[in-house]
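Beneath this line is the structure, given in structure tokens, with notes to follow.
The values are calculated or read from the model by the stated rules, or taken from the named source; none is laboratory data. These numbers come from a predicted model, not from an experiment. Note: ideal-geometry Cβ built from the backbone for every residue, glycine included; neighbour counts use all protein chains shown. What goes into the accessible areas is simple: the full protein's heavy atoms, side chains included, and nothing from ligands, DNA or RNA. Shrake-Rupley method; radii C 1.70, N 1.55, O 1.52, S 1.80 Å.
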Amino acid sequence: MRTDEQIIAKINSTTYTAGVDEAGAGALCGNLVVAAVVLDPKKPIYGLNDSKKLTNKKREILYYEIIKKALDYSIIYITPNEIDNMNIFQARMEGFRRAVAALRHVEYAVFDGNKIPDGISVESDCMVKGDAKLAVISAASILAKVSRDKQIIEQAKIHPEYLLEKHKGYSTKTHLEMLAKFGPIKDFHRLSYSPVKNNINNLLF
């Protein structure tokens, strides 16, 4: 396992490095979204940071800039049913694998967190809090976060009573109150998560 400094040196000596991150692991509903990005050093993107530290407006601007300038990127969706069948840890690992496999140009991959998935076909490392340390993982976190938020907003139009646009599907007081009142939404809420499971008798079809 490389140190952070060794990972940075490896990135600097590699043409096609993919940063990989996800959004939505802790949410009670919606897809887990995983993104992989290969940045172009000839087309720098300024202001990259952990997506959680950026405003919605800034994330949105960077999202389109990343898509326009990146040498390669992929965005993968792991459904609530898949998450329930696998558990969230295995769903993250599967999303990471799919995201890297979907790239056309990749020599080296760095994953946010402390675990390298099995079955990755290229040389790989992981970095704790990599989304705040490495631009290439920051870019992946932004693609994943914005893509997931867009899906949640679309679902909010279908089920406005859940106020999804406010909590984005996370376990807030408002979301738990709506779950207790209306029950989970079939194929949208993650039925294996305890706060959802506790209201499964009210499942909304």
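If packing is taken as the average count of other Cβ atoms within 10 Å, what order do 125-137, 75-87 fall into, highest mean first?
125-137, 75-87
May I ask which residue of MET93, PHE111, LEU71 lies farthest towards the positive end of the charge dipole of the stretch 61-123, with charges of +1 (Lys, Arg) and -1 (Asp, Glu) on Cβ and the Cα centre as origin?
Checking the options against the dipole of the stretch 61-123, the answer is LEU71.
How much accessible surface does SER121 have with a 1.4 Å probe, in Å² rounded to 10?
Accessible area of SER121: about 110 Å².
So which chymotrypsin sites (Phe, Trp or Tyr not before Pro) in the stretch 1-76 pass both tests, a DSSP loop state and at most 12 other Cβ atoms within 10 Å of the Cβ?
Passing sites in the stretch 1-76 are TYR46.
When the expected Rg is taken as 2.2 N^0.38 Å, what fraction or multiple of it is the alpha-carbon Rg of the chain?
Cα-based Rg divided by the globular estimate yields 1.05.
By how many nm would the segment from SER13 to ASN114 lengthen if fully extended, with 0.36 nm per residue of separation less the alpha-carbon distance?
Contour length minus Cα-Cα distance gives 34.1 nm.
How much accessible surface area, in Å² rounded to 10, belongs to the heavy atoms of THR174 with a 1.4 Å probe?
Rounded to the nearest 10, the figure is 50 Å².
Computed over the Cα atoms of the stretch 87-205, what is the convex hull's projected area averaged over all directions, in nm²?
Seen from a random direction, the Cα hull of the stretch 87-205 projects 8.6 nm² on average.
Give, in nm to one decimal, the length gained when the segment between LYS69 and ALA101 is fully stretched (0.36 nm per residue of separation minus the Cα-Cα distance).
9.5 nm
Using the beta-carbon distance between ASN81 and LYS52 and R0 = 41 Å, what value does 1/(1 + (r/R0)^6) give for FRET efficiency, to the nearest 0.05?
Here the calculated transfer efficiency is 0.95.
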